[in-house]
(Lines give C-alpha, C1' and ligand atoms only; values in the text may rest on other atoms or scores of the structure.)
Protein backbone atom coordinates (compact mmCIF):
# COMPACT_ATOMS: atom_id res chain seq x y z
CA UNK A 1 0.00 0.00 0.00
CA UNK A 2 1.02 3.58 -0.45
CA UNK A 3 1.85 5.32 2.83
CA UNK A 4 1.48 9.07 3.34
CA UNK A 5 2.04 11.11 6.48
CA UNK A 6 -0.26 13.83 7.80
CA UNK A 7 2.29 14.51 10.57
CA UNK A 8 5.60 15.97 9.28
CA UNK A 9 7.47 14.98 12.45
CA UNK A 10 6.53 11.30 11.95
CA UNK A 11 7.47 11.47 8.27
CA UNK A 12 10.94 12.80 9.15
CA UNK A 13 11.24 10.21 11.92
CA UNK A 14 10.48 7.40 9.46
CA UNK A 15 12.88 8.76 6.83
CA UNK A 16 15.68 9.08 9.38
CA UNK A 17 15.97 12.84 8.90
CA UNK A 18 17.64 14.52 11.88
CA UNK A 19 15.18 16.44 14.03
CA UNK A 20 16.81 19.21 16.04
CA UNK A 21 14.46 19.21 19.01
CA UNK A 22 14.25 16.82 21.95
CA UNK A 23 13.07 13.36 20.81
CA UNK A 24 9.41 12.66 21.57
CA UNK A 25 9.84 8.87 21.53
CA UNK A 26 12.37 6.34 22.81
CA UNK A 27 14.67 4.53 20.38
CA UNK A 28 12.69 1.31 20.98
CA UNK A 29 9.45 3.08 20.02
CA UNK A 30 11.02 4.57 16.88
CA UNK A 31 12.24 1.12 15.77
CA UNK A 32 8.76 -0.36 16.34
CA UNK A 33 7.20 2.58 14.49
CA UNK A 34 9.44 2.05 11.45
CA UNK A 35 8.71 -1.69 11.44
CA UNK A 36 4.96 -0.98 11.56
CA UNK A 37 5.19 1.45 8.62
CA UNK A 38 7.16 -1.11 6.59
CA UNK A 39 4.52 -3.79 7.31
CA UNK A 40 1.79 -1.42 6.14
CA UNK A 41 3.71 -0.57 2.96
CA UNK A 42 4.34 -4.25 2.18
CA UNK A 43 0.66 -5.20 2.51
CA UNK A 44 -1.31 -5.18 -0.75
CA UNK A 45 -4.51 -4.06 0.98
CA UNK A 46 -6.20 -3.65 4.35
CA UNK A 47 -7.37 -7.28 4.33
CA UNK A 48 -3.75 -8.47 4.38
CA UNK A 49 -2.97 -6.02 7.16
CA UNK A 50 -5.85 -7.36 9.27
CA UNK A 51 -4.50 -10.90 8.87
CA UNK A 52 -1.23 -10.00 10.63
CA UNK A 53 -2.41 -10.87 14.14
CA UNK A 54 0.78 -9.53 15.78
CA UNK A 55 -0.24 -5.98 14.78
CA UNK A 56 -3.52 -6.12 16.74
CA UNK A 57 -5.29 -4.20 13.96
CA UNK A 58 -8.48 -2.54 15.18
CA UNK A 59 -11.08 -0.03 14.07
CA UNK A 60 -11.34 2.82 16.56
CA UNK A 61 -14.59 4.08 18.06
CA UNK A 62 -16.09 7.28 19.43
CA UNK A 63 -14.36 10.48 18.35
CA UNK A 64 -11.83 8.37 16.43
CA UNK A 65 -14.45 6.60 14.28
CA UNK A 66 -13.07 6.11 10.76
CA UNK A 67 -9.54 5.69 12.09
CA UNK A 68 -7.64 2.45 12.66
CA UNK A 69 -4.67 1.46 14.78
CA UNK A 70 -1.95 -1.16 14.98
CA UNK A 71 0.40 -1.88 17.85
CA UNK A 72 3.91 -0.39 17.74
CA UNK A 73 4.83 -1.75 21.17
CA UNK A 74 3.04 -2.32 24.48
CA UNK A 75 2.75 1.43 25.10
CA UNK A 76 2.17 2.97 21.65
CA UNK A 77 -0.22 2.42 18.76
CA UNK A 78 0.01 3.85 15.25
CA UNK A 79 -3.21 5.60 14.24
CA UNK A 80 -4.12 5.91 10.55
CA UNK A 81 -6.94 6.22 8.03
CA UNK A 82 -7.56 4.71 4.61
CA UNK A 83 -8.04 7.09 1.70
CA UNK A 84 -9.92 6.02 -1.38
CA UNK A 85 -9.19 7.22 -4.90
CA UNK A 86 -11.74 7.16 -7.71
CA UNK A 87 -10.14 4.17 -9.37
CA UNK A 88 -8.77 2.00 -6.60
CA UNK A 89 -5.59 0.33 -7.79
CA UNK A 90 -4.17 0.20 -4.31
CA UNK A 91 -5.25 1.57 -0.97
CA UNK A 92 -3.55 4.62 0.49
CA UNK A 93 -2.80 4.75 4.21
CA UNK A 94 -2.57 8.19 5.81
CA UNK A 95 -0.52 8.09 9.03
CA UNK A 96 -2.23 10.30 11.60
CA UNK A 97 -0.21 10.00 14.80
CA UNK A 98 1.83 7.83 17.12
CA UNK A 99 -0.25 7.68 20.27
CA UNK A 100 0.51 6.59 23.82
CA UNK A 101 -2.24 3.99 24.10
CA UNK A 102 -2.65 4.31 27.85
CA UNK A 103 -2.87 8.11 28.27
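Things worth noting here:
- Selection status of residue 32, touching a residue at least 40 places away in the same chain (Cβ under 8 Å) and either surrounded by fewer than 14 Cβ atoms within 10 Å (Cβ to Cβ) or more than 17 Å from residue 84 (Cβ to Cβ) (or both): yes
- Residue among 26, 46 that is at pLDDT below 90 and out of contact with any helix residue (DSSP H, G or I) (no Cβ under 9 Å at 6 or more places or on another chain): 46
- Test: residue in the range 90-99 that is free of Cβ contacts under 8 Å to residues at least 24 places away in the same chain and either touching a helix residue (DSSP H, G or I) at 6+ places or on another chain (Cβ under 7 Å) or in a loop (DSSP other than H, G, I, E, B) (or both): no
- Once the range 13-60 is narrowed to residues that are part of a loop (DSSP other than H, G, I, E, B) and closer than 16 Å to residue 96 by Cα, the residue that is nearest to the chain's Cα centre (by Cα) is 57.
- Taking the numbered list (1) touching a residue at least 40 places away in the same chain (Cβ under 8 Å); (2) surrounded by 11 or more Cβ atoms within 10 Å (Cβ to Cβ) in turn, residue 26 passes all entries but (1).
- Residue check, residue 69 loosely packed, with under 10 Cβ neighbours inside 10 Å and either modelled with pLDDT of 90 or more or assigned to a strand (DSSP E or B) (or both): no
The values are calculated or read from the model by the stated rules, or taken from the named source; none is laboratory data. Fair warning: this is a prediction, and the values are worked out from it, not measured in the lab. Here Cβ is always computed from backbone atoms with ideal geometry, including for glycine, and neighbour counts include all displayed protein chains.
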